[in-house]
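First comes the structure, then the notes that go with it.
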Amino acid sequence: MTVTDPLIDEYLDRLETATRTLPSARRAELLAEIKEHIEVTLSQSQDEGEATVRSVLDRLGNPEDIAREAGAGLQATAPAGGPAAWRADGQTGGRRGVAAFELATVILLLVGGIVLPVLGWVIGAVLLWASARWTLRDKVIGTLVFPGGLAVPAWYLLFASGSSTCSPDGTCETSGMPFGLTTTLTLIATAGSIASAGYLLHRAGSTAT
């Protein structure tokens, strides 16, 4: 343990106490995001002494203010029935619009590159990083596993598979990748894209409760 550990622990304890009225999933997500932000910021600094840690925590703001803003954000999306109705029914009021946004984002990441070559997937990636629903780790997974979505395996099948051309004298030439390699790459890209989309939908659903 370093001299800065108690400072970080105290800050996170204050945040945990201040967010006790938030839904459990949102509370856990917020704590994880703040902790991750502190760790990433300190890892990029050459000096991790007490002064640097205090500076990072000061820039984050008071834990009580962070909790207050998080609570205000939830109230802004709550239906007319009040916070209790919002917590009881994740598909009513403002939650319906959020669910549609998340679903559209995942669909664009999965098949947007087929509907609008390259651009469709890029739009999905932009929406993913603009959303506050997913964590940094979720966004990295959604972007890198598998870039391009199902457009990549479709490209392998249509353009990268091998083909043979024979001349009148019976000489044949093969171009493109071997069938076995094309099939393997297609399966990997398909599995990665579907798994990534499923993961994002699962994370969106778990943080909405």
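Per-structure values
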| item | result |
| --- | --- |
| Of residues in segment 7-49 being β-branched (Val, Ile, Thr) and surrounded by 15 or more Cβ atoms within 10 Å (Cβ to Cβ), the one modelled with the lowest pLDDT | Thr41 |
| Residue satisfying all of: in segment 38-61; within 14 Å of Asp9 (Cα to Cα) and without any contact (Cβ under 8 Å) to a residue 40 or more places away in the chain; farthest from the chain's Cα centre (by Cα) among these | Val56 |
| Boolean, Phe159 is within 17 Å of Trp121 (Cα to Cα), modelled with pLDDT under 80 and either part of a strand (DSSP E or B) or assigned by TED's automatic domain parsing to the domain that holds Ile107 (or both) | no |
| Selection count where residues are surrounded by fewer than 18 Cβ atoms within 10 Å (Cβ to Cβ) and either of a type in the set (Gly, Ala, Ser) or not in a helix (DSSP H, G or I) (or both), scope segment 193-207 | 4 |
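The values are calculated or read from the model by the stated rules, or taken from the named source; none is laboratory data. None of these values were measured; they are calculated from a predicted model. Here the Cβ is made from the backbone with ideal geometry for all residues, glycine too, and neighbour counts use every protein chain on show.
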